[in-house]
1. From B:Arg107, B:Arg61, B:Arg57, which residue is modelled with pLDDT of 95 or more, closer than 27 Å to A:Ile46 by Cβ and open to solvent by 40 Å² or more (accessible area, probe 1.4 Å)?
2. List the pairs whose first member sits in segment A:95-112 and is at the interface with chain B (Cβ under 8 Å from one of its Cβ atoms), whose second member is surrounded by fewer than 15 Cβ atoms within 10 Å (Cβ to Cβ) and at pLDDT 95 or above, and whose Cβ atoms are under 6 Å apart, counting only residues at least 6 apart or on separate chains?
3. If you go through segment A:71-79 one residue at a time, do you hit one that is away from chain B (no Cβ under 14 Å), under 16 Å from A:Gln6 (Cα atoms) and loosely packed, with under 14 Cβ neighbours inside 10 Å?
4. Look through segment A:81-99, keep the residues that are within 23 Å of A:Phe69 (Cα to Cα) and open to solvent by 10 Å² or more (accessible area, probe 1.4 Å), and return whichever of them is modelled with the lowest pLDDT.
5. Among (1) open to solvent by less than 60 Å² (accessible area, probe 1.4 Å); (2) modelled with pLDDT of 95 or more; (3) more than 23 Å from A:Gln37 (Cα to Cα), which single condition is B:Gln38 missing?
6. Go through the residues of segment B:58-78 one by one and say whether even a single one is outside any loop (DSSP other than H, G, I, E, B), more than 14 Å from every other protein chain (Cβ to nearest Cβ) and in contact with a helix residue (DSSP H, G or I) (Cβ under 9 Å, 6 or more places away or on another chain).
7. Among residues belonging to segment B:88-102 that are facing another protein chain (nearest Cβ under 8 Å) and modelled with pLDDT of 90 or more, point out the one that is nearest to B:Asp49 (Cα to Cα).
Amino acid sequence: DAGVTQSPTHLIKTRGQQVTLRCSPKSGHDTVSWYQQALGQGPQFIFQYYEEEERQRGNFPDRFSGHQFPNYSSELNVNALLLGDSALYLCASSRDQGVNYGYTFGSGTRLTVV
Amino acid sequence: GESVGLHLPTLSVQEGDNSIINCAYSNSASDYFIWYKQESGKGPQFIIDIRSNMDKRQGQRVTVLLNKTVKHLSLQIAATQPGDSAVYFCAETSGGYNKLIFGAGTRLAVHP
């Protein structure tokens, strides 16, 4: 049984560009949450998607947007990239929105903005 | 892989010793807490959780203690092994349990 799958694993973008990161949740999970982890820090919550809607959002600007598809997979889009957006982006999936329902993290996408 | 634990406080222990990792959480309304282990190049991995109506919970070689009075969590690892070397984060949540708030993290280095 595959866990949470994220793609790509690494990418390098230039300031001002746009990027799309992808996440496939664990089988049986219907909720996807995205986190940003800067080097040397704990992950910070970006937003959560459930039933194809954004259900909760952290303190991130509108440059960060997302989408959830009918098969529960999700995308994170970041527009107008800044150097400070360089981080590990983590996707977590769970059942029924709750972190106490098998919340499982993927290995992340390492984004470097130059 | 790139180090997750760069610039984090480090706890160094000898193999076989017991380790205690501490965490101060931020929100007095938080009622569910999780400890995660993160190895380089990987996402956080669930270790153990505890609800606010408990003050202690034990797993295999791990124990979590919760002190709500001072908003403090600790993770105790018995007979620490080299494979326990990683960065450890505590995380808290409340209400709808939709999001986790992570602490700063501690890097555990186990020496043979």
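The values are calculated or read from the model by the stated rules, or taken from the named source; none is laboratory data. Bear in mind the structure is a predicted one, so any value in this text is a computation, not a measurement. Cβ atoms come from the backbone with ideal geometry, glycine included; neighbour counts cover every protein chain shown. Side chains are part of the model used for accessible areas, which takes the heavy atoms of the whole protein and leaves out ligands, DNA and RNA. Shrake-Rupley method; radii C 1.70, N 1.55, O 1.52, S 1.80 Å.
1. None of the other options fit; the residue is B:Arg107.
2. A:Arg110/A:His10
3. Within segment A:71-79, one or more residues are away from chain B (no Cβ under 14 Å), under 16 Å from A:Gln6 (Cα atoms) and loosely packed, with under 14 Cβ neighbours inside 10 Å.
4. It comes out as A:Gln97.
5. Among (1) open to solvent by less than 60 Å² (accessible area, probe 1.4 Å); (2) modelled with pLDDT of 95 or more; (3) more than 23 Å from A:Gln37 (Cα to Cα), the lone unmet condition for B:Gln38 is (3).
6. Yes, the conditions are met somewhere in segment B:58-78.
7. The selected residue is B:Ala91.
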